[in-house]
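Derivation of every value follows stated rules applied to the coordinates shown; laboratory data play no part. Not measured: the values here are computed from a predicted model. Reconstructed Cβ throughout: ideal geometry from the backbone, glycine too, with neighbour counts over all protein chains shown.
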Ligand SMILES: [Fe+2]
Ligand SMILES: [Fe+2]
């Protein structure tokens, strides 16, 4: 994304794309995530337009039926793991990324990655994906006990904010005896390991 007029046109198209596919409630969430991701990007030296684009697309496929997630994922050869078979809505990120690529012509790999992994995370993801992951967890309407702490961390360090958010996901699911997605575990391990390595280098 370089040419400002092209950026604006793509952002408008992504906004209309989400608006046409979502209830008022979820579109409201989408816009709040977009504003949050854009501001996190500015704060951390990332491209705000790329962060906003990823956020506008992230939940655009969310309001489809479970069978449709499976059908589209199969048609497009997207990976369907055991958790996704059990809970097809976990595929709304990968399906939205593919829709963005096919229908809006988005080619930016980091933007597509961010959309694809926003629900359960992944190890080794890029900065735009981290910004979206965190923005989705802290947009202004989010309200849960540790959100204030994660909001504070997000102003300082996206990785620390994501680590805290993932620890909460793990604790929350463990309390309820719910399985933790292997990609979330892998992302948390990755963040904790590279955190340790970052400190050792200092
Ligand atoms: Fe989502
Ligand atoms: Fe979301």
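Quick notes
- Rounded Å value of the spacing that divides the Cα centres of region 53-78 and region 2-35: 16 Å
- Contact order relative to length of the chain, as percent, for alpha carbon pairs under 8 angstrom and 6 or more apart: 19 percent
- Fewest-first sequence of 39, 184, 23 by Cβ atoms within 10 Å of each Cβ: 23, 39, 184
- Order of 30, 119 under a 10 Å beta carbon neighbour criterion, fewest first: 119, 30
- Among 102, 185, 167, residue whose mean-square fluctuation peaks in a GNM of the chain (springs only between Cα atoms under 10 Å): 102
- Spacing of the modelled spin labels on residue 107 and residue 8, each 7 Å from Cα toward Cβ, amounts to 2.3 nm.
- Residue 185 versus residue 160: modelled label distance in nm, points set 7 Å from Cα along the beta carbon direction: 2.8 nm
- Distance from the Cα centroid of region 138-170 to that of region 81-127 is 21 Å (rounded to whole angstrom).
- Taken over the chain, the percentage of Cα pairs per 10 Å bin, counting from 0 up to the bin with the maximum distance, is 9, 35, 38, 15, 2.
- Tensor-based shape of region 90-197 (alpha-carbon gyration tensor, a/c under 1.5 rounded, otherwise prolate or oblate): prolate
- Peptides 138-148, 89-99 ranked from most to least packed by the mean count of surrounding Cβ atoms within 10 Å: 89-99, 138-148.
- Projecting label points 7 angstrom from Cα along Cα→Cβ for residue 141 and residue 172 puts them 1.6 nm apart.
- Protection proxy ranking of 123-134, 153-164 - average other beta-carbon atoms within 10 Å, highest first: 123-134, 153-164
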